[in-house]
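After the structure tokens below, expect a handful of questions from me.
The values are calculated or read from the model by the stated rules, or taken from the named source; none is laboratory data. None of the values given here were measured: they were computed from a predicted structure. Because the Cβ atoms are built from the backbone with ideal geometry, glycine has one as well, and the counts that use them run over all protein chains shown. Side chains included, ligands, DNA and RNA excluded: accessible areas come from the protein's heavy atoms. Shrake-Rupley method; radii C 1.70, N 1.55, O 1.52, S 1.80 Å.
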Amino acid sequence: MELNVLGTSKVALTICRRLVEKSHTVGFVVSRFKENAQRFVKDIGSGVPITYDEIEKLSDVVFFAVPDSAIAQVYERTKDRILPGTCLIHFSGFHSSKIFANAEKLGFHRASMHPNLSFADPVVAQSNLLNCIFGVEGDAEGLRIAIELVEDISGKYVVLPEDGKAGYHLAAVVCSNFVVGLAALAERIYEKSGVEESRELMGNLIDSVAQNIKIKGVAGSLTGPVARGDWEVVKKERELFKSIFPQFASFYDQMVELLRSLKEGRL
Ligand SMILES: NC(=O)c1ccc[n+]([C@@H]2O[C@H](COP(=O)([O-])OP(=O)(O)OC[C@H]3O[C@@H](n4cnc5c(N)ncnc54)[C@H](OP(=O)(O)O)[C@@H]3O)[C@@H](O)[C@H]2O)c1
């Protein structure tokens, strides 16, 4: 397929690199700034760098690789220059492809393909892409095309209900972004306790939890003082937590209550 890219995003760069390896071609790479488009094209080794004003006609597949809040606006700005029959695809986990308003009336197919992967580091993202599970949805033809592309990236996907994407994305936020927030707390506690090299410690611990969740499920992965009922330890650590994070004092109690509910099957 010929892939046209709107927005020189991290996600688009990683995905296009892989798809070019699998014999897809990149057509136009469109940016607000010519130099961004040129850099993107240089990075993947194919494509024609242009700005939005230079778009004449786009066809086949168009990736809307812009922040979630800009997808509708970029669509409005470009839809008159996209040929009917083109498949419009974005990568948002939150929005469905219905964000492409009146797509059917205008003759477009529509889909979204959300990679369940953090693109914070390009090298890490590139190496994990082959194992990435995509959340996909769309109209019949859009979904077919999105799945065909995913088959060439990792081959792993879940089909999402169009109207369930907000919940799907919230779950992803909780199990990825919230973990980073928890790690920030842990990092500070390690630091206060004089433990160095906490990055690797945390990384290994989180990896082991992730593996347990895959094999034993969430409830089966609970370990530690709450799971064992070591309430003396829970109480002492509560005081320590509150002395380090007075501003998040209630957070510890809420987490303990959450873990207790999980342990007792009340969640
Ligand atoms: N980052 C992640 O870990 C991740 C994971 C899964 C899904 N996603 C989804 O992937 C999509 C892209 O995210 P990303 O993190 O790859 O984005 P990103 O690297 O921040 O890049 C977004 C691109 O959009 C363009 N842009 C920025 N502001 C704009 C505006 N106001 N109007 C028009 N264009 C604008 C810029 O390109 P130009 O300067 O070239 O115009 C920018 O490079 C989003 O839908 C996001 O939800 C991201």
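Within segment 223-246, whose backbone N sits under 16 Å from a point 7 Å along Cα→Cβ of VAL209?
Only 223-228 fall inside the zone, counting backbone N under 16 Å.
Quick one: 3J(HN,Hα) in Hz for segment 94-104, Karplus 6.51/-1.76/1.60 with θ = phi - 60°, rounded, Gly and Pro as x.
Going residue by residue, I get 8, 8, 8, 6, 5, 4, 7, 4, 6, 4, 4 Hz, with x marking Gly and Pro.
Going by amide H atoms built from the backbone, whose H comes under 5 Å of the H on ASN4, apart from near neighbours?
HN-HN under 5 Å from ASN4: GLY27, VAL61, VAL62, PHE63.
For VAL179 and LYS235 in the same chain, what is the full-extension length gain: residue separation times 0.36 nm, less their Cα-Cα distance, in nm?
17.9 nm
Could you work out the relative contact order of the chain? I mean the mean sequence separation of Cα pairs under 8 Å and 6+ apart, divided by the number of residues, in percent.
12
To continue, here is another question. Could you tell me whether segment 62-135 comes out rounded, prolate or oblate from its Cα gyration tensor? Rule is a ≥ b ≥ c as square roots of the eigenvalues, rounded for a/c under 1.5, then prolate if a/b exceeds b/c, otherwise oblate.
Prolate, because a/c is 1.5 or more and a/b exceeds b/c.
With all protein chains present and a 1.4 Å probe, how do MET1, MET202 order by accessible area, largest first?
MET1, MET202
What are the extents of the Cα atoms of segment 116-226 along their three principal axes, in Å, largest first?
57, 32, 24
Next up: VAL48's amide H: which non-local residues (gap 5+, or another chain) put their own amide H closer than 5 Å, with H modeled 1.01 Å from N in plane and none for Pro or chain starts?
So VAL48 has HN proximity to PHE28, VAL29.
To the nearest 20 debye, what is the magnitude of the charge dipole of the chain about its Cα centre, counting +1 on the Cβ of each Lys and Arg and -1 on the Cβ of each Asp and Glu?
320
Still on this structure: Within 10 Å, count the other beta carbons around each residue, average over each peptide in 160-167, 96-103, and list them highest first.
96-103, 160-167
Right, next: What is segment 168-263 by shape, rounded, prolate or oblate, if you read a ≥ b ≥ c off the alpha carbon gyration tensor as root eigenvalues and call it rounded for a/c under 1.5, prolate for a/b larger than b/c, and oblate otherwise?
rounded
Right, next: How big is the convex hull of the Cα atoms of the chain, per residue, in Å³?
Expressed per residue, the convex hull around the Cα atoms of the chain is 157 Å³.
State whether segment 207-248 is rounded, prolate or oblate according to the following rule on the C-alpha gyration tensor (a ≥ b ≥ c being the square roots of its eigenvalues): a/c under 1.5 gives rounded; otherwise a/b larger than b/c gives prolate, and the remaining case gives oblate.
Oblate is the answer for segment 207-248, as a/c is 1.5 or above yet b/c matches or exceeds a/b.
Hey, another quick one. As a quick test, which of the pairs LYS57/LYS79; LYS98/LYS165; LYS192/LYS236; LYS22/LYS165 have an alpha carbon distance above 19 angstrom in this structure?
Long pairs (Cα-Cα over 19 Å): LYS22/LYS165.
May I ask you to evaluate 6.51 cos²θ - 1.76 cosθ + 1.60, the Karplus curve with θ = phi - 60°, for each residue of segment 117-132 and list the ³J(HN,Hα) values in order in whole Hz, giving x for glycine and proline?
7, 8, 9, 4, 10, x, 5, 4, 4, 4, 6, 8, 4, 5, 10, 6
Also, quick follow-up: Just name one of ASN212, VAL179, GLY194: the one whose Cα is farthest towards the positive end of the charge dipole of segment 168-263 (beta-carbon charges, Lys/Arg +1, Asp/Glu -1).
ASN212
Taking amide H atoms as placed 1.01 Å from N in the peptide plane, list the residues 5 or more away in sequence, or in a different chain, whose amide H sits under 5 Å from that of ILE82.
Those qualifying (amide H under 5 Å, at least 5 residues apart or on another chain) are LEU58.
Then there's this: Please report, in Å, the Rg and the Dmax of segment 114-162, where both are computed over Cα atoms only.
Radius of gyration, then largest Cα-Cα span, for segment 114-162: 11.3, 34 Å.
Label LYS10 and ALA101 with points 7 Å out from Cα along Cα→Cβ: what is the distance between them in nm?
Once both label points are built, they end up 3.1 nm from each other.
Here's something else I'd like to know. Among GLY27, ASN4, ILE153, whose Cα projects farthest towards the positive end of the dipole of the chain, with charges put on the beta-carbon of Lys, Arg (+1) and Asp, Glu (-1)?
The one lying farthest along the dipole's positive direction is ILE153.
Let me ask you something else. Express as a percent, rounded to the nearest 5, the fraction of DSSP beta bridges in the chain (both residues included) that run antiparallel.
Given both bridge residues lie in the chain, the antiparallel proportion sits at roughly 15 percent.
Further, regarding this structure: Can you send over the solvent-accessible area of LEU149, 1.4 Å probe, protein chains only, in Å² to the nearest 10?
The value for LEU149 is about 0 Å².
Additional query: Cross-link candidates for LYS242: which aspartates and glutamates have Cα within less than 15 Å, leaving aside residues fewer than 8 places away along the same chain?
Here the aspartates and glutamates satisfying the reach criterion relative to LYS242 are ASP253.
Once whole DSSP H runs in the chain are found, which of them have Cα atoms spread over 24 Å or more along the helix axis and a mean Kyte-Doolittle score of at least -1.0?
198-216
Separation of segment 14-71 and segment 83-133 by C-alpha centroid, Å?
Using only Cα atoms, the two centres lie 14 Å from each other.
Assign unit charges at the C-beta atoms only (+1 for Lys and Arg, -1 for Asp and Glu), then state the dipole size of segment 163-267 relative to its Cα centre in Debye, rounded to the nearest 20.
Approximately 320 debye in magnitude.
Ordering ASP80, ASP60 by how much accessible area each has at a 1.4 Å probe, largest first, what is the list?
My answer, sorted largest first, is ASP80, ASP60.
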